[in-house]
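Participant: Handing you this structure, nothing more for now.
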There are 2 protein chains.
Amino acid sequence: MKNNWIAIDWGTTNFRAFLLENNQVIDRLSEPCGLLSVKEAQFAATLQRLLSPWLDATPPLPIVMAGMVGSQQGWKNVPYAPLPAGAGNLVDGAYAFRTPWGSPGWIIPGVNGTSRYGQPDVMRGEEIQLLGLAVLHPAEKHLALLPGTHSKQARMVHGEIIDFSTFMTGELFSLLSEQSLLGRDLPLQTPHDASFALGVETALQGAPFSHLIFSARTRRLNGEVATEHVHSYLSGLLIGHELAALEAERPAWVVGSPALTARYLQAAEIVGLTLTAVDGDHCFLHGLGLLRSLIQEKIA
Amino acid sequence: MKNNWIAIDWGTTNFRAFLLENNQVIDRLSEPCGLLSVKEAQFAATLQRLLSPWLDATPPLPIVMAGMVGSQQGWKNVPYAPLPAGAGNLVDGAYAFRTPWGSPGWIIPGVNGTSRYGQPDVMRGEEIQLLGLAVLHPAEKHLALLPGTHSKQARMVHGEIIDFSTFMTGELFSLLSEQSLLGRDLPLQTPHDASFALGVETALQGAPFSHLIFSARTRRLNGEVATEHVHSYLSGLLIGHELAALEAERPAWVVGSPALTARYLQAAEIVGLTLTAVDGDHCFLHGLGLLRSLIQEKIA
């Protein structure tokens, strides 16, 4: 058991933990117990309860955490690491502590900096997946997409994140499909590839976004998009809008679960972009594994 | 009383009526009694109740209506007039009927066509304001903005609408400020010119929209935008994004109430656009007045 440790991704809505032996997953836990559900800042007690199946080990297992757990709304507000951010910076910025039951713990910082469009930007959690991508697929340069509520597009050089940009793709899809005129009075939706493709192609034509999305209304009115396919069309508009920003730079990686990456692969084909999917958990564990070994070296 | 008539703007959420004598307003009514509130398609009975202060005239006053009253959700689904659309087309496409109390009535059609970005587009009601603008300020060409939930940008030549594009500026502002992460946990908002200007300037830099808006989050996190000014900043982003589309073409008109046009004038100065405000009701009444006189000629 000497080399066993626990890797945790603790976000605002979900808690996921992995028990590792020599960086191989031997058990996993997943609970809808995000940071928002933690009452009165009882983070230690909550973690102890969540990890109870694994806490009989002697000595207590080391725990390495990433994600919103290191934010203002989390356990400890760990200052962001600046760009360029590599494994060394993240280890140096990690918050080290000991849990009430004696486990040595670390919370890895997020990253902040300036996006390639000159805007301030932040991430917490995705930096781990990016490091893992570079471990799994070493290269001089990486261009990676991390789809989600707030998608990230990041560039790495020699395994260091040099910049990244957030795209509110997932949140905009939810808002527009559930709360706006575009999603009003729709029947049960069925996925439809041709409507999705029409959305991607329309987005590539470069209309201003606030005009672009109104086509989900007008194409429904004129019958070009069936009422059951409006979500597919809207998804195409949003992913197409995000991918249009990447056109000149390729090939790229898309990191996430198959459920998240499938539509991106489909859109990339339409855009003419070479996109390769990599499993997000796989990247997360390899990224955190790298940090864990650097921490071990540092404290040895 | 011979030349008296009633002009009506009946939308989904509001009902507004004007009693005119020789095209001068002598009385007005306004009720939060939009088409959505009309039960069981009782449009005639509802109208009779709303207009009751004016219905003792003999003979019964002519009524000319525009807006969503002519849509699928309205009293009568009046087919859209195609582009290019001038006063003649709108009169030809008008639906003529007689109310139960004997008033001759007309519902003016909306307009559909292809936006300058090649997308299908529709409007109902704004075409009247555009005609009125051309009556009030005759010119060979007009470029006009009509701010709102779904803003319109329209081009006219010789008083005919040649194309128009819808921007979901107002609805996006509501969604993002009320329902998204960007508006979460905000204190009471106060208007702030510098934050608005920063939003406009940021939008002009041309970042993809779904990345652009995330700056309302990051600039709040890093203190560049105070929590009480996030709405002003977001408003600047959205209006700046809309105006960026106009950069090359000027001068332009902005048609609406002072409450709607003030921020556009402010943004136009930052963008370097010459924008002149015109009162929306004034345009509406002159546009409908023109149609009313053409209808009179036609039936004379």
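Participant: Grab the protein assembly as shown and count how many Lys pairs have their alpha-carbon atoms under 21 Å apart, sequence gap of 8 or more, or different chains.
Facilitator: 6
Participant: Have a look at the DSSP beta bridges in segment B:74-231 and tell me what percent are antiparallel, nearest 5.
Facilitator: 90
Participant: Tell me which residues come under 5 Å, amide H to amide H, from A:L275 once H is placed; ignore anything under 5 positions away on its chain.
Facilitator: Here the answer is A:A252, since their amide H atoms fall under 5 Å of that of A:L275.
Participant: OK, next. Which chain B residue puts its Cβ closest to the axis that rotates B onto A, and at what distance in whole Å?
Facilitator: Of all Cβ atoms in chain B, the one nearest the axis gives B:F209, 2.
Participant: Averaged across A:235-244, how many Cβ atoms of other chains sit within 10 Å of each residue's Cβ atom?
Facilitator: 1
Participant: Considering every pair of different Cα atoms, what Kirkwood radius, in Å, is found for chain B?
Facilitator: 20.4
Participant: Right, here's the next one. ³J(HN,Hα) across segment B:285-295 via Karplus (A = 6.51, B = -1.76, C = 1.60, θ = phi - 60°), whole Hz, x for Gly/Pro?
Facilitator: Rounded to whole hertz, the list is 5, 5, x, 5, x, 4, 5, 4, 6, 5, 5.
Participant: How would you classify segment B:114-180 from its alpha-carbon gyration tensor, with a ≥ b ≥ c the square roots of the eigenvalues: rounded for a/c under 1.5, else prolate if a/b is greater than b/c, otherwise oblate?
Facilitator: Prolate, since a/c reaches 1.5 and a/b exceeds b/c.
Participant: Averaged across the residues of B:173-185, what count of C-beta atoms belonging to other chains lies within 10 Å of each residue's C-beta?
Facilitator: 3
Participant: What does the copy distance list look like for A:N222, label position 7 Å along Cα→Cβ, in nm and ordered from shortest?
Facilitator: 4.2
Participant: Provide the per-residue ³J(HN,Hα) series for segment B:138-143, in order, calculated from phi with Karplus coefficients 6.51, -1.76, 1.60 and θ = phi - 60°, each as a whole number of Hz, with x at glycine and proline positions.
Facilitator: Calculated HN-Hα couplings, in order: x, 6, 5, 10, 10, 10 Hz.
Participant: With only Lys, Arg, Asp and Glu charged, each at its Cβ (+1 for the first two, -1 for the last two), find how big the charge dipole of segment B:54-135 is about the Cα centre; round to the nearest 20 debye.
Facilitator: Rounded to the nearest 20 debye, it is 120 debye.
Participant: Moving on. Quick one: if you take sqrt(5λ) for each eigenvalue of the C-alpha gyration tensor of the protein assembly as shown, what semi-axes come out, biggest first, whole angstrom?
Facilitator: 56, 23, 22
Participant: OK, next. Assigning unit charges at the beta carbon (Lys, Arg +1; Asp, Glu -1) and nothing else, what dipole magnitude in debye, to the nearest 20, does segment A:69-186 show about its Cα centre?
Facilitator: 180
Participant: Over all directions, how big on average is the projection of the convex hull of the alpha-carbon atoms in segment B:211-257, in square nanometres?
Facilitator: Its Cα hull, projected and averaged over all orientations, spans 4.5 nm².
Participant: Neighbour counts of other C-beta atoms within 10 Å: give me A:S195, A:S174 arranged from fewest to most.
Facilitator: A:S174, A:S195
Participant: In what order do B:S71, B:S235 fall by count of nearby beta-carbon atoms within 10 Å, going from fewest to most?
Facilitator: Starting with the residue having the fewest Cβ neighbours, the order is B:S71, B:S235.
Participant: Run the numbers on chain A and let me know its relative contact order in percent, using alpha-carbon pairs under 8 Å that are six or more apart.
Facilitator: 15
Participant: In degrees between 0 and 90, to the nearest 10, how far off the longest principal axis of chain B does helix B:126-136 point, with axes built from Cα atoms?
Facilitator: 80
Participant: Oh, and also: For a quick size check, give me the Cα extents of segment B:1-86 along its three principal axes, largest first, whole Å.
Facilitator: That works out to 35, 34, 20 Å along the principal axes.
Participant: Suppose you put the label 7 Å out from Cα in the Cβ direction; list, shortest first and in nm with one decimal, how far B:D56 is from each other copy's label.
Facilitator: When each copy's label point is compared with this one, the spacings are 9.2 nm.
Participant: Residue by residue, what Karplus-based ³J(HN,Hα) values in Hz, rounded to whole numbers, does segment B:30-44 have, using 6.51, -1.76 and 1.60 with θ = phi - 60° and x for Gly and Pro?
Facilitator: So the J values, rounded to whole Hz, are 9, 9, x, 10, x, 4, 5, 8, 7, 7, 6, 6, 7, 5, 5.
Participant: Kindly give Rg over Rh for segment A:171-265, based on alpha-carbon atoms, with the Kirkwood expression for the hydrodynamic radius.
Facilitator: Here the Rg-to-Rh quotient is 0.97.
Participant: Which percent, to the nearest 5, of DSSP beta bridges fully inside the protein assembly as shown are antiparallel?
Facilitator: Roughly 70 percent of the DSSP beta bridges within the protein assembly as shown come out antiparallel.
Participant: So if I place +1 on the C-beta of Lys and Arg and -1 on the C-beta of Asp and Glu, and nothing else carries charge, what would the dipole magnitude of the protein assembly as shown be about its Cα centre? I want it in debye, nearest 20.
Facilitator: Once rounded to the nearest 20, the dipole reads 560 debye.
Participant: Let me ask something else. Quick one: grab the alpha carbon gyration tensor of segment B:153-199, order the square roots of its eigenvalues as a ≥ b ≥ c, and give me rounded if a/c is under 1.5, else prolate or oblate depending on whether a/b is larger than b/c.
Facilitator: It is prolate, given that a/c is not under 1.5 and a/b is the larger ratio.
Participant: Which whole-number value in Å³ per residue fits the convex hull of the alpha carbons of segment A:80-213?
Facilitator: Expressed per residue, the convex hull around the Cα atoms of segment A:80-213 is 189 Å³.
Participant: Report Rg(Cα)/(2.2 N^0.38 Å) for segment B:50-100, keeping two decimals.
Facilitator: Against the empirical 2.2 N^0.38 Å value, I get 1.36 for segment B:50-100.
Participant: Something else about it: Distances in nm, one decimal, shortest first, from A:G88 to the same residue in every other copy, taking the label point 7 angstrom along Cα→Cβ.
Facilitator: Counterpart label points of A:G88 in the remaining copies fall at 7.7 nm.
Participant: Given R₀ = 35 Å, what would the calculated FRET efficiency be for A:R28 paired with B:T13, taking r from the Cβ atoms and rounding to 0.05?
Facilitator: For A:R28 and B:T13, the calculated efficiency is 0.10.
Participant: If only Cα atoms are counted, what is the Rg of segment B:255-300, and what is its Dmax, in Å?
Facilitator: When restricted to Cα atoms, segment B:255-300 yields Rg and Dmax of 15.7, 51 Å.
Participant: Also, quick follow-up: Considering all projection directions equally, how large on average is the shadow of the alpha-carbon convex hull of segment B:18-136, in square nanometres?
Facilitator: 8.5
Participant: Amide H of A:V78: which non-local residues (sequence gap of 5 or more, or other chain) have their own amide H closer than 5 Å, using H built in the peptide plane?
Facilitator: Here the answer is A:S71, since their amide H atoms fall under 5 Å of that of A:V78.
Readers should treat all values here as calculations from the given coordinates under stated rules, not as data from a laboratory. Everything numeric here is computed off the predicted structure, so don't read it as measured data. Note that we place each Cβ from the backbone using ideal geometry, even for glycine, and neighbour counts take in every protein chain shown.
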